[in-house]
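Q: Supplied in C-alpha cells, the structure appears directly below.
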Ligand SMILES: Cc1ncc(COP(=O)(O)O)c(C=O)c1O
C-alpha cells in the first residue's frame with residue numbers, strides 16, 4: 001500500500017498523517033473499509049459542509065460517499081446543528097429516557113408499516129444482532145435463511161455466507177462461507193444462504209429447514225451488492241411461505257429506509273414483514289439505529305418479556321434528537337421533491353454517458369444512491385451476476401474521479417453503493433457527471449474500460 005498516493009508525495013501531509021496513524025491504529029484506521037485503496041490512504045477530512053468535503057490539504061470534493069448513505073441530509077445541516085444545541089441544553093444525559101425518545105418512537109412506528117414497537121441503539125450491526133435474538137426467542141428456533149449478496153452487519157450471527165468468493169460460491173449453500181477469521185465454524189451451521197430472487201430456492205430452503213428456522217432475512221433493495229431490487233412476486237411469495245411456516249420475516253431496511261418518498265421499501269412493495277431494522281440516514285449523520293416489529297415480538301424484550309437488550313449508550317439523547325430533526329425534515333415537502341429531482345437528473349446523466357461512450361458498465365440509480373458495476377450492461381438479479389465486476393477498474397475510476405474533485409469510496413471489492421444528499425444541487429451533480437465522463441473517456445481510450 002502506498003500512503004503517498006493520495007498526497008502525491010511521501011512527505012505530503014496525508015502520507016505523514018497516515019504513517020503516524022498506522023503506528024497506533026491498525027492500518028491507520030478505525031474501520032477496515034476506511035482505507036480508500038484507490039488513494040492509498042483514508043480520506044482525511046478537515047471539514048464537511050453541504051455536498052462537499054474538504055481534506056486536510058484544503059482540497060474540496062463533491063461527496064458521493066455521503067457517509068455510506070447516512071448523510072442523506074448532507075453535511076452540517078442546520079436542523080442537525082439545532083438538534084446538537086438542544087442536546088447540549090439538556091446536558092447529554094445518557095442511560096435515561098426523555099420525552100423525546102417516545103416522540104421519535106412514534107414517528108418511526110408511523111413511518112414503518114411493520115413497526116408497532118421500536119428500540120434504538122447505535123449501529124446497524126447492533127440492530128440486526130438484537131433483532132435476530134428476538135426472532136430466535138419468539139420461534140424457539142435457531143436457523144436463519146439469508147440471501148447471498150445481502151449485508152446485515154459484521155457480527156458472528158450473520159457475517160456468514162453473504163459474500164463468498166467466486167470459487168466458494170458452488171459450496172456456499174452446503175457450507176456457508178465464514179466472512180472473517182475469528183468467527184467460529186459452528187455458527188455456519190445456523191445459516192442457510194440462498195440466491196436472491198429465486199422463489200424455488202426459497203421454497204426448498206423452507207421445506208428443508210423451515211421447522212428449525214427463526215427468520216428469513218433480506219435487504220428488500222440489495223444496496224450492498226449492485227442495488228438489486230427484490231422482484232415483487234418473490235417478496236409476496238416470501239411473505240406467504242414465512243407466514244405458513246411460522247418463520248419471522250425480517251426486512252433489513254438499514255440502507256433503504258427514508259431514501260424514497262414512501263419511506264420504506266416495505267411500503268413501496270406493499271409487503272409487510274414481521275420485523276424491520278433501520279439505521280444509516282435515520283440519525284441525520286449521527287450514530288443511531290433501530291429495530292422494530294410487531295408488539296408480540298418486540299414485547300419479548302425485558303422488562304416486558306425475558307429477552308435481554310441493554311447498553312449504556314443505547315438511544316443516547318444526542319443522536320435521538322438528531323434523528324427527530326432528521327425525520328421532521330423528511331416530512332417537509334421539499335425533501336423528497338428535491339431527492340427525486342436529483343435522482344432523475346443523475347440517472348439520466350449516467351445513462352447518457354454510458355450510452356454515448358458505449359461502455360461495458362451499468363450504474364443502477366434509486367433513492368439517492370447508485371451502484372457501479374464494471375463488466376456488465378444489464379441489471380443484475382442476484383449475487384453471482386455481479387461477480388463479473390472488475391474492481392481494478394473501479395479503483396482506477398475512484399482515483400480518476402478523486403483527481404477531478406469527486407469523492408467516491410472504495411469498499412474493498414464488489415459494486416456497493418454511492419450517493420448524494422438533499423443538499424447536493426443539480427450543479428453539483430453536473431460537475432460530478434462531467435468529471436466521471438472525462439475519467440471514463442480516458443479509461444476507455446487506454447483500454448481500462450471495455451466497450452459494450
Ligand atoms: C443493509 C445493512 N444492514 C446492516 C448494516 C450494518 O450497519 P452498520 O455499518 O451501522 O453497523 C449496513 C451497513 O452498511 C447495511 O447497509
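The values are calculated or read from the model by the stated rules, or taken from the named source; none is laboratory data. Computed from a predicted model, the values in this text were never measured in an experiment. Note: ideal-geometry Cβ built from the backbone for every residue, glycine included; neighbour counts use all protein chains shown.
Q: Would you mind stating whether residue 266 is assigned to a helix (DSSP H, G or I) and under 19 Å from the mean Cα position of the chain (by Cα)?
A: Numbers: assigned to a helix (DSSP H, G or I): yes; under 19 Å from the mean Cα position of the chain (by Cα): yes.
The answer is yes for residue 266.
Q: Which number in (1) modelled with pLDDT of 95 or more; (2) touching a helix residue (DSSP H, G or I) at 6+ places or on another chain (Cβ under 9 Å); (3) closer than 23 Å to residue 54 by Cβ marks the one condition that residue 411 misses?
A: (1)
Q: If you go through segment 108-140 one residue at a time, how many are closer than 29 Å to residue 31 by Cβ, more than 16 Å from the ligand (Cβ to nearest atom) and out of contact with any strand residue (DSSP E or B) (no Cβ under 7 Å at 6 or more places or on another chain)?
A: 1
Q: Kindly check whether there is at least one residue in segment 162-178 that is in contact (Cβ under 8 Å) with a residue 24 or more places away in the chain and under 18 Å from residue 251 (Cβ atoms).
A: Within segment 162-178, one or more residues are in contact (Cβ under 8 Å) with a residue 24 or more places away in the chain and under 18 Å from residue 251 (Cβ atoms).
Q: Consider residue 277 carefully, then state whether it is surrounded by 17 or more Cβ atoms within 10 Å (Cβ to Cβ), outside any helix (DSSP H, G or I) and on the phi < 0 side of the Ramachandran plot. Please lay out each step first, then the result.
A: Numbers: surrounded by 17 or more Cβ atoms within 10 Å (Cβ to Cβ): yes; outside any helix (DSSP H, G or I): yes; on the phi < 0 side of the Ramachandran plot: yes.
Considered against the rule, which asks whether it is surrounded by 17 or more Cβ atoms within 10 Å (Cβ to Cβ), outside any helix (DSSP H, G or I) and on the phi < 0 side of the Ramachandran plot, residue 277 comes out as yes.
Q: Would you pick out the residues in segment 203-223 that are assigned to a helix (DSSP H, G or I) and touching a helix residue (DSSP H, G or I) at 6+ places or on another chain (Cβ under 6 Å)? Step through it out loud before you land on a result.
A: Of all residues in segment 203-223, those assigned to a helix (DSSP H, G or I) come to 203-212, 223.
Those that are assigned to a helix (DSSP H, G or I) and touching a helix residue (DSSP H, G or I) at 6+ places or on another chain (Cβ under 6 Å): 206, 210.
Q: May I ask you to verify whether residue 153 is in the same structural domain as residue 265 (by TED's automatic domain parsing), at positive phi and more than 16 Å from the ligand (Cβ to nearest atom)? Please lay out each step first, then the result.
A: Working: in the same structural domain as residue 265 (by TED's automatic domain parsing): yes; at positive phi: yes; more than 16 Å from the ligand (Cβ to nearest atom): no.
For residue 153, the condition - in the same structural domain as residue 265 (by TED's automatic domain parsing), at positive phi and more than 16 Å from the ligand (Cβ to nearest atom) - is not met.
Q: Same structure again: Hey, residue 178 hits all of (1) touching a helix residue (DSSP H, G or I) at 6+ places or on another chain (Cβ under 7 Å); (2) at negative phi; (3) within 16 Å of the ligand (Cβ to nearest atom) but one; which does it fall short on?
A: (3)
Q: Is it true that residue 115 is over 21 Å from residue 339 (Cβ atoms) and surrounded by 20 or more Cβ atoms within 10 Å (Cβ to Cβ)?
A: yes
Q: Moving on to the next point. Looking at (1) without any contact (Cβ under 8 Å) to a residue 60 or more places away in the chain; (2) surrounded by 18 or more Cβ atoms within 10 Å (Cβ to Cβ), which is the only condition residue 373 fails?
A: The number of the failed condition is (1).
Q: Please state which one of 228, 254, 297 is in contact with a strand residue (DSSP E or B) (Cβ under 8 Å, 6 or more places away or on another chain), more than 16 Å from the ligand (Cβ to nearest atom) and in contact (Cβ under 8 Å) with a residue 40 or more places away in the chain.
A: On the way: 228 fails: more than 16 Å from the ligand (Cβ to nearest atom); 254 fails: more than 16 Å from the ligand (Cβ to nearest atom).
The match here is 297.
Q: Based on this model, can you work out whether residue 17 counts as within 16 Å of the ligand (Cβ to nearest atom), part of a helix (DSSP H, G or I) and not assigned by TED's automatic domain parsing to the domain that holds residue 320? Lay out the reasoning, then the answer.
A: On the way: within 16 Å of the ligand (Cβ to nearest atom): no; part of a helix (DSSP H, G or I): yes; not assigned by TED's automatic domain parsing to the domain that holds residue 320: yes.
No: the conditions fail for residue 17.
Q: In addition: For segment 103-126, give me each residue that is within 22 Å of residue 270 (Cα to Cα) and assigned to a loop (DSSP other than H, G, I, E, B).
A: 112, 113, 114, 115, 116
Q: Also, I was wondering about something else. Can you find a residue that is part of a loop (DSSP other than H, G, I, E, B), in contact with a strand residue (DSSP E or B) (Cβ under 7 Å, 6 or more places away or on another chain) and within 16 Å of the ligand (Cβ to nearest atom) anywhere in segment 67-89? Can you show your working first?
A: Of the residues in segment 67-89, the ones part of a loop (DSSP other than H, G, I, E, B) are 70-74, 76-77.
When the remaining residues are screened for being in contact with a strand residue (DSSP E or B) (Cβ under 7 Å, 6 or more places away or on another chain), the result is 74, 76.
Within this subset, residues satisfying the condition of being within 16 Å of the ligand (Cβ to nearest atom) are none.
Looking through segment 67-89, none of the residues is part of a loop (DSSP other than H, G, I, E, B), in contact with a strand residue (DSSP E or B) (Cβ under 7 Å, 6 or more places away or on another chain) and within 16 Å of the ligand (Cβ to nearest atom).
Q: Limited to segment 53-66, what total is found for residues that are touching a helix residue (DSSP H, G or I) at 6+ places or on another chain (Cβ under 8 Å), in a strand (DSSP E or B) and either within 19 Å of residue 365 (Cβ to Cβ) or free of Cβ contacts under 8 Å to residues at least 24 places away in the same chain (or both)? Give the steps one after another, and end with the answer.
A: Quick first cut of segment 53-66, residues touching a helix residue (DSSP H, G or I) at 6+ places or on another chain (Cβ under 8 Å) only: 55-57, 61-62, 64.
Those still in the list that are in a strand (DSSP E or B) too: 55, 61-62.
The next check asks that each one be either within 19 Å of residue 365 (Cβ to Cβ) or free of Cβ contacts under 8 Å to residues at least 24 places away in the same chain (or both); those that pass are 62.
The number of residues fulfilling the criteria is 1.
Q: Can we say residue 226 is under 30 Å from residue 75 (Cβ atoms), modelled with pLDDT under 95, touching a helix residue (DSSP H, G or I) at 6+ places or on another chain (Cβ under 6 Å) and buried (at least 16 other Cβ atoms within 10 Å of the Cβ)? Don't jump to the end; show me each part of the working.
A: Working: under 30 Å from residue 75 (Cβ atoms): yes; modelled with pLDDT under 95: yes; touching a helix residue (DSSP H, G or I) at 6+ places or on another chain (Cβ under 6 Å): yes; buried (at least 16 other Cβ atoms within 10 Å of the Cβ): yes.
Criteria met by residue 226.
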